[in-house]
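To keep things clear, I will list the structure first and then write my remarks on it.
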Amino acid sequence: MPTQVAKLVPSLICVVAVALVHLRETSVQKDTDVSAASHAKHATQTQLHETKPVQNHEQSPEIDSNGYADPQIRSSDITQENHDVDDDLAVNELRQWIVSHGGIVRRVSAQTADGAGGGRGLFVTKMKQELLEDAFVLPGELLISVPSSLWLSTRTALERSRIAAILQSDDAVRAYTGTEGNLWTIIFTLEYERHQTDSFWGSYIRALPQPTSPVLWTKDELARFGSDAISVEVQELQDHIETVYNDVIGHLCVAYPALYNDCTTQHSLASFTWSALTVWGRAFDLGQYNSTETGLMPYMDFANHRHEAPTNTSWDYASSFDFEAGVAYVPGDEIFISYGDGKSSMTYLLNYGFIPTETHFGDYITLLAPVDLSAAAMDEARDAYGVTLRTYQNRNVLAAHVGVDGVLPTLFALNAAALSQHTRVNASVVDTDPQVRGAWVHAMEAVRGAVRAAVEQASAFDHHRDMDGNGATPDAYDTWVVASTRERFTAILHRLADHIDQTLSSMDHSGQGQPTATDAHRSTSADSDSIVRHMHDSHVLLDSDLAIREALYHVHVTL
């Protein structure tokens, strides 16, 4: 518990408690007046990793018209000690399953997030007849405890699933689980278990929502992003899922017909895609105790994301996953967790179906200039000129990454000049050698032309167009995802265009005291430090081929 909370005197606690109760009572009328129009107004303003139709509380006998749990419901019906009620019967079943196995879900319920486009989140419980001491949740209070036996992890899969022996011994399965980590083990297990009516994890699986990743979109739907970078990454991920499906599920359907007896309607590619996206978007990193272990955490994974969310979690394979309040909550507050603060925006988009609105350091675009060189010329460019080329879609490219500051790393133009002049180039050479300077300016102008064309295309693009070309109305959530994503990379494009204009304008002057290429190199190196720092922190190095695939947008430059 934080020091400042521990030092509160009893009288101060009472004052705060009374104020919080008064605040809750005065907000009841506001909650009552929330209309469908209010929900629609905010439908595209928040980020979620899951969606479902907004539930009408009046249709549920456990929830009154103000959204409060009926105090007559006893612990034998829902939980051990609280009047917590979820807005979905399947989630209530999940809660009961956890409690029946010795777990705890208290002062928390899964509800449709207000103004979230129908997405579910975790909220501190509202109760009609709460006592003064029940008015708020203090930091350090245990809210959720999920016994380790209920996790869906590699360990529990090998202990409980009927396909445990197959997971351990089948060569087709091991080809993936042995080389790409245990996420595939969990994916294969979930795909099997979701079609078993008597699955041990049945209560959890029935409560899982449909994933929202663009991987589920068609080519026409993906075209709304107006970014070939996104379309290429989604297509490659779709292809990868299909390849694994054919290699593993197709094999299992033939080799083990008693276990996989319906591979047409049940274990289909669509079903396997659901399983893969569910695991990629919901798995918790359990690396605190095992550097390679991940797993699905029932009920806890209903929590939505917020950057640097104040949480206090701990887990132990021998006991449970425990979630304690990281800050004080009042009834009705949503509880957030962080899905990982060092991930790129592309990772968020593909795995969770949204990009967090409160942070932008994961945004960046990439400049790609194809370079056709032989292997020997590649070696010479690296050893003699100091130029490193990357590989993207089987082509050698000169690449540069631009972050939210819109600053073009000067090294891109210097490398372009080095390739054209067949010599090692730095900023001082540009200042003293007119021929090299001309090559450097030519590269910068080529970049400016490509960026201006990208800005014009992005500005004219209509992301509200039909999803399928047949007059269908785009889904509100998907429209928000497209619009918010386009705003991210379009903002970088505008800043980059301004930066290049300023750089070339300064280089047009040769009088005393005017900026030089050396000055430009120093400024861009410093200004670009933010994106470099972020990408290194997120384990995606800017000098790797992987960084190209993490970009939200590709500007194609012809040198």
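The values are calculated or read from the model by the stated rules, or taken from the named source; none is laboratory data. None of these values were measured; they are calculated from a predicted model. Don't worry about glycine lacking a Cβ; one is built from the backbone with ideal geometry, like all the others, and counts go over all protein chains shown. Heavy atoms of the whole protein, side chains included, go into the accessibility calculation; ligands, DNA and RNA do not. Shrake-Rupley method; radii C 1.70, N 1.55, O 1.52, S 1.80 Å.
Numbers at a glance
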item	result
Residues Arg206 and Val254, FRET efficiency given R0 of 30 Å [Cβ-Cβ distance, rounded to 0.05]	0.55
Label-point separation, Asp333 to Glu487 (7 Å along Cα→Cβ), nm	2.7 nm
FRET efficiency, Asp372 to Leu269 (Cβ-Cβ, R0 45 Å, nearest 0.05)	0.75
Projected label distance in nm at Gln96 and Ala175, using a 7 Å step from Cα toward the beta-carbon	4.4 nm
Local electrostatic count at Arg395 - Lys and Arg +1, Asp and Glu -1, tallied over other residues with Cβ under 12 Å	-1
Label-reachable residues, region 381-415, where backbone N falls under 19 Å from a point 7 Å from Ser459's Cα toward its Cβ	406-407
Sorted peptide list for 219-227, 497-505, criterion being average Cβ within 10 angstrom, highest first	219-227, 497-505
With DNA, RNA and ligands ignored, accessible area of Ser268 (1.4 Å probe; Å², nearest 10)	30 Å²
Among 93-104, 370-381, 351-362, the order from most to least packed when residues are scored by Cβ within 10 Å on average	351-362, 93-104, 370-381
Long-range HN-HN contacts of Asn312 with modeled amide H, under 5 Å	Glu324, Gly326
Label point distance in nm, Glu242-His556, each placed 7 Å from Cα along Cα→Cβ	2.2 nm
Accessible surface, region 175-279, averaged per residue in Å² (probe 1.4 Å)	37 Å²
Karplus 3J(HN,Hα) series, Hz, for region 167-175 with 6.51 cos²θ - 1.76 cosθ + 1.60 (x for Gly, Pro)	4, 8, 10, 6, 5, 5, 6, 5, 4
Karplus (6.51, -1.76, 1.60) ³J(HN,Hα), θ = phi - 60°, over region 322-334, in Hz, Gly and Pro reported as x	10, 10, 10, 4, x, 9, 6, 10, 10, x, x, 5, 8
Amide hydrogen neighbours beyond the local backbone of Ala400, cut-off 5 Å, H modeled	Leu367
Karplus 3J(HN,Hα) series, Hz, for region 420-425 with 6.51 cos²θ - 1.76 cosθ + 1.60 (x for Gly, Pro)	6, 9, 6, 7, 6, 10
Surface accessible to a 1.4 Å probe, per residue, for the residues of region 363-428, Å²	40 Å²
For Asp333, residues with placed amide H under 5 Å, excluding near neighbours	Val124
Highest average packing first - 210-216, 434-440, Cβ atoms within 10 Å	210-216, 434-440
